[in-house]
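Encoded as structure tokens, the structure appears first; notes follow it.
The values are calculated or read from the model by the stated rules, or taken from the named source; none is laboratory data. No experiment lies behind these values; they were computed from the predicted model shown. Cβ: placed from backbone, ideal geometry, glycine included. Neighbour counts: every protein chain shown. These area figures cover heavy atoms from the full protein model, side chains too; ligands, DNA and RNA do not enter into them. Shrake-Rupley method; radii C 1.70, N 1.55, O 1.52, S 1.80 Å.
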Amino acid sequence: MKWLFALALVSSLALAQIRVSVETLPPPTLTLSAELRVTLVPGVVVVERVPEPQGILVVYRSSRAAEVYEHHHRDLVARGWVRVKYQAEEGRYKAEYRRGKAKAKLEVRDQRGRIEVRIKEG
């Protein structure tokens, strides 16, 4: 009898498979101009976004400046930009990019728990 109950339990578990799929939305993309678009870092809180002349300042709540820089660098490269200058110091990264005649600058600074990212065209 126990054997029959165990068989019935196993067969019912096999039939009761539940599939759960979680869809995550892609991170927002900011359009700075017809030439320049950037995607925000997924999973990192954006504290503020401030439009600037020919660009934008994005402030993240994080202490991982290198990871934030790498995300934005990979994003620009994936969009066809080529890095032509690069400078790194402790907690600060600067890079210049070109795509044809268009130019862009990326600057990432660690401000003790806040990462400031400036992206400018030209």
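Could you list all residues from segment 84-102 that are farther than 18 Å from GLN54 by Cβ and open to solvent by less than 70 Å² (accessible area, probe 1.4 Å)?
ALA88, GLY91, TYR93 - these are the residues of segment 84-102 that are farther than 18 Å from GLN54 by Cβ and open to solvent by less than 70 Å² (accessible area, probe 1.4 Å).
For segment 109-118, state whether one or more residues are at positive phi and open to solvent by 70 Å² or more (accessible area, probe 1.4 Å). Steps first, answer last, please.
Residues of segment 109-118 that are at positive phi, as a first pass: 112-113.
If we keep only those that are open to solvent by 70 Å² or more (accessible area, probe 1.4 Å) too, we end up with 112.
Scanning segment 109-118 turns up at least one residue that is at positive phi and open to solvent by 70 Å² or more (accessible area, probe 1.4 Å).
(1) in contact with a His (Cβ under 9 Å, 6 or more places away or on another chain); (2) surrounded by fewer than 19 Cβ atoms within 10 Å (Cβ to Cβ): which one isn't true of LYS105, the others all being true?
Failing condition for LYS105: (1).
When segment 45-57 is examined, which residues are found to be under 12 Å from the mean Cα position of the chain (by Cα) and under 15 Å from THR29 (Cβ atoms)?
Correct list: VAL46 only.
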